[in-house]
Amino acid sequence: MPMHSDLHHSNVLDGGARGWLAIDPKGLIGERTYEVANLLNNPWPRGEIVHNTERMSRLARLYAARLKLDLDRVLAYSLAHAGLSASWDIDDGFDPAYRLKCIEVLPPLVFRS
């Protein structure tokens, strides 16, 4: 399925009469569950909001229910995306601490009993 692949708060704009607009697509093919992954790790750099396990759990459940997605896959993709984003930060010479903190917050949700 075609995906935006970089869906997050900064890439969704109020288009007025046109409605909401998703900008700056990467245009990849993949599983639609991945689209939600980036949302759980944003808005960057608002760690005081994002790095909260209860918030991530609540949003993951909301997205999964509303979009009819598997909750475990939403959480697993979010964890994988945080790792990928941290590697991009390192590759680009940026501090990966924000994304690494996302990686610390997600495992209790992903690997729950």
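The values are calculated or read from the model by the stated rules, or taken from the named source; none is laboratory data. The model shown is predicted, which means the values in this text are computed figures rather than measured ones. In this analysis, Cβ positions are derived from the backbone assuming ideal geometry, glycine residues included, and neighbour counts consider all displayed protein chains. Accessible surface areas use protein heavy atoms only, side chains included; no ligands, DNA or RNA. Shrake-Rupley method; radii C 1.70, N 1.55, O 1.52, S 1.80 Å.
Overview of results
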{"item": "Mean Cβ neighbour count within 10 Å, used as a protection proxy, ranking 78-84, 4-10 highest first", "result": "78-84, 4-10"}
{"item": "Sulfur and carbon atoms: percent of accessible area, the chain [1.4 Å]", "result": "59 percent"}
{"item": "Long-range tail of P(r) for the range 1-41 (Cα pairs > 10 Å, %)", "result": "70 percent"}
{"item": "Stokes-Einstein D (µm²/s) once Rh is taken as the Kirkwood radius of the range 48-113 over alpha-carbon pairs, at 37 °C in 0.692 mPa s", "result": "267 µm²/s"}
{"item": "Solvent-accessible surface ranking, highest first, for 32, 99, 66 at 1.4 angstrom", "result": "66, 32, 99"}
{"item": "Rg in Å to one decimal, and Dmax rounded to a whole Å, for the range 18-76 via C-alpha atoms", "result": "12.5, 35"}
{"item": "The chain: calculated mean residue ellipticity at 222 nm from DSSP helix runs of at least 4, using -39500 (n - 2.57)", "result": "-16000 deg cm²/dmol"}
{"item": "Principal axis dimensions, the chain - Cα atoms, whole angstrom, descending", "result": "42, 36, 28"}
